[in-house]
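Accompanying notes for the structure given below.
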Amino acid sequence: MLAALLSVGFCQPGFSEDALRLFHKMQDALGGAEKLAAVRDFEQTVRAESFDAEGRSMGDVRKRTRWISPSTVRLDQVGPGSTYVLYFDGKSGWEILPGARSGILPPTWLADRDPRYRITSPAERVVRISDGDPAHQLDLTLDPNSWLPIKETSMTLSDPAHPTSRDSVTSEWVNLGGLRFPSRFTVFRSGVRVAEMTGIDETRVNSGLKAEDLSAKPPDRKPVFARPVPPK
């Protein structure tokens, strides 16, 4: 998805001028489209606290995200009720102890270079990215001063009769190699807080990740981290 299509006209089907203007402001705030397109691989390990429907803490979650251009992803997560390992290379993959999933940031931020996506603006300062499937639709709400995406809204249709909204609200950012990445965010489901990021263990860009490492199943079927999981 990060492979560059060097020209995208405003008249391209599904891309309105207002929506692209907002999208490009967001790209500039994040570091610029060309710097984003130059990202070959991305790795981040974060810590968060999870909560139940009553707002009570369920404990700590640790998640490691690894991504290689154009579409290879590996997610390793450990936490109460949400421990899993997931691998996908764009065509096929595998999953161990399934749990929650999330998108990878650089491809989302370059959706204007992928003809599969339609970019519209359903509300002021909101950019909508969709491939036609409601389950894949993502709304980005932009800050009016910085133009950074401060909220991501999506829907999960795991139960079609009861679709659930998911909001990720970013409050802090970190600058890495001229690019901006979220460093603190809170996740809500149907308006209820379910997780809050408490820290970043590691963020790396273009560090030389290898596809064979991402595709390797852990022999003990447990999530794999670069550093040991901190004791409870």
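The values are calculated or read from the model by the stated rules, or taken from the named source; none is laboratory data. The structure presented is a predicted model; accordingly, all values stated were derived computationally and were not measured. A quick note on method: Cβ atoms are made from the backbone with ideal geometry, for glycine too, and the neighbour counts reach across all protein chains shown.
Residues of region 116-144 that are farther than 17 Å from residue 165 by Cα and among the small types (Gly, Ala, Ser): 121, 123, 132.
Does region 32-44 include one or more residues that are out of contact with any Pro (no Cβ under 8 Å at 6 or more places or on another chain), of a type in the set (Asp, Glu) and within 30 Å of residue 224 (Cα to Cα)? First the steps, then the outcome.
Let us first name the residues in region 32-44 that are out of contact with any Pro (no Cβ under 8 Å at 6 or more places or on another chain), namely 32-35, 37-38, 40-41, 43-44.
With the extra rule that they be of a type in the set (Asp, Glu), the set shrinks to 34, 41, 43.
Add one more test, that the residue is within 30 Å of residue 224 (Cα to Cα), and what stays is 41, 43.
Within region 32-44 (the criterion being out of contact with any Pro (no Cβ under 8 Å at 6 or more places or on another chain), of a type in the set (Asp, Glu) and within 30 Å of residue 224 (Cα to Cα)), the answer is yes, since at least one residue qualifies.
The residues of region 145-196 that are part of a loop (DSSP other than H, G, I, E, B) and at pLDDT 95 or above, listed by number, are 145, 146, 147, 148. Within region 214-223, the set of residues being surrounded by 12 or more Cβ atoms within 10 Å (Cβ to Cβ) and in contact (Cβ under 8 Å) with a residue 24 or more places away in the chain comprises 214, 215, 222, 223.
Cβ-Cβ distance below 6 Å, separation of 6 or more or different chains: which pairs start in region 178-203 with a residue that is free of Cβ contacts under 8 Å to residues at least 24 places away in the same chain and among the small types (Gly, Ala, Ser) and end on one that is in a strand (DSSP E or B) and crowded, with 17+ Cβ neighbours inside 10 Å? Between residues of region 178-203 that are free of Cβ contacts under 8 Å to residues at least 24 places away in the same chain and among the small types (Gly, Ala, Ser) and residues that are in a strand (DSSP E or B) and crowded, with 17+ Cβ neighbours inside 10 Å, the close pairs are 183/173.
For region 74-88, what are the residues that are surrounded by 21 or more Cβ atoms within 10 Å (Cβ to Cβ) and touching a residue at least 40 places away in the same chain (Cβ under 8 Å)? Steps first, please.
At the first step, the residues of region 74-88 found to be surrounded by 21 or more Cβ atoms within 10 Å (Cβ to Cβ) are 74-77, 79, 85.
If the condition is that a residue be surrounded by 21 or more Cβ atoms within 10 Å (Cβ to Cβ) and touching a residue at least 40 places away in the same chain (Cβ under 8 Å), then 74, 76, 77, 85 are the ones that fit.
Within region 59-69, is even one residue surrounded by fewer than 16 Cβ atoms within 10 Å (Cβ to Cβ) and small (Gly, Ala, Ser)? Within region 59-69, one or more residues are surrounded by fewer than 16 Cβ atoms within 10 Å (Cβ to Cβ) and small (Gly, Ala, Ser). Beta carbons closer than 6 Å, at least 6 apart along the sequence or on distinct chains, pair a first residue in region 129-157 that is in contact (Cβ under 8 Å) with a residue 60 or more places away in the chain with a second that is of a type in the set (Gly, Ala, Ser) for 146/29; 147/29; 148/29.
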